[in-house]
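Student: Right, I'll just put the structure down here and ask away after.
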Amino acid sequence: MKKTLLPVAALLALLLAGTLLRSWLIGGDAALPATELSVPDSCTLVQQPCRLPSGYQVRVLGDMKVLEPFIVELAGPGISGAEIDFQMPGMNMGINRFRFARVRQDLWQVRVIIPVCASARLDWIATIDFVSDAEKSIRKRIVLPLLMNR
Ligand SMILES: [Cu+2]
């Protein structure tokens, strides 16, 4: 009995720690509603940066290939913490969440690696959540539909 319960308890503890850590990392309450920023249709992140009307910019350095690391860059004024999460519409692809690190003033980067899909799909949704110094109580969200390279 103990042998079977122990891994379950460990997993639950890990999940709880993850949740707490997540809200701590981005410096806000994970339950805070997110304000979704408007994203131009032209934002595919393929070869060109995505410039949002709100003044923030997202860019990919390298090739967006599954199983190969690439860098996502977030630029904009007063960002104090950011995360990116990759999901596939209608399919559970596990947890693909990464935390941005500050590179310099107003510039954040994260190295990500995307798993390969068992159904060979390449369509993903990247969700960037961030908080800014100016509005600590508001979580801003950028939702980007992406097509990975094979
Ligand atoms: Cu998939």
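Student: For the stretch 134-147, how many residues meet the condition of being more than 15 Å from the chain's Cα centre (by Cα) and within 16 Å of the ligand (Cβ to nearest atom)?
Tutor: 1
Student: Okay, moving on. Just to be sure, is residue 95 touching a Ser or Thr at 6+ places or on another chain (Cβ under 7 Å) and among the β-branched types (Val, Ile, Thr)?
Tutor: No: the conditions fail for residue 95.
Student: Please specify each residue of the stretch 95-114 satisfying the condition of being away from the ligand (no atom under 16 Å from the Cβ) and in contact with a Pro (Cβ under 6 Å, 6 or more places away or on another chain).
Tutor: Residues satisfying the conditions are 106, 111.
Student: Among the residues of the stretch 115-133, is there at least one that is among the small types (Gly, Ala, Ser), within 16 Å of the ligand (Cβ to nearest atom), touching a residue at least 12 places away in the same chain (Cβ under 8 Å) and surrounded by 16 or more Cβ atoms within 10 Å (Cβ to Cβ)?
Tutor: yes
Student: So, one more: Taking the condition of being within 16 Å of residue 129 (Cα to Cα) and either assigned to a loop (DSSP other than H, G, I, E, B) or touching a Gly at 6+ places or on another chain (Cβ under 8 Å) (or both), how many residues in the stretch 48-66 meet it?
Tutor: Adding up the residues that qualify gives 5.
Student: Please name all residue pairs, on different chains or six or more residues apart, with Cβ atoms under 6 Å, provided the first residue is in the stretch 66-95 and is within 18 Å of residue 149 (Cβ to Cβ) and the second residue is assigned to a loop (DSSP other than H, G, I, E, B) and within 16 Å of the ligand (Cβ to nearest atom).
Tutor: Taking only residues 6 or more apart or on different chains, the pairs are 66/114; 66/116; 66/148; 67/116; 69/113; 70/64; 86/96; 86/114.
Student: Looking only at residues in the stretch 41-80 that are at positive phi and among the small types (Gly, Ala, Ser), which one is surrounded by the most Cβ atoms within 10 Å (Cβ to Cβ)?
Tutor: Looking at residues that are at positive phi and among the small types (Gly, Ala, Ser), I get 76.
Student: On the basis of being surrounded by fewer than 18 Cβ atoms within 10 Å (Cβ to Cβ) and away from the ligand (no atom under 16 Å from the Cβ), does residue 89 make the cut?
Tutor: No, not satisfied.
Student: For the stretch 92-114, what are the residues that are hydrophobic (A, V, I, L, M, F, W, C) and either exposed (fewer than 13 other Cβ atoms within 10 Å of the Cβ) or assigned to a loop (DSSP other than H, G, I, E, B) (or both)?
Tutor: Residues satisfying the conditions are 93, 95, 100, 101, 113, 114.
Each value in this text was obtained by applying a stated rule to the coordinates, not by laboratory testing. All values reported here derive from a predicted model rather than from experimental measurement. Here Cβ is always computed from backbone atoms with ideal geometry, including for glycine, and neighbour counts include all displayed protein chains.
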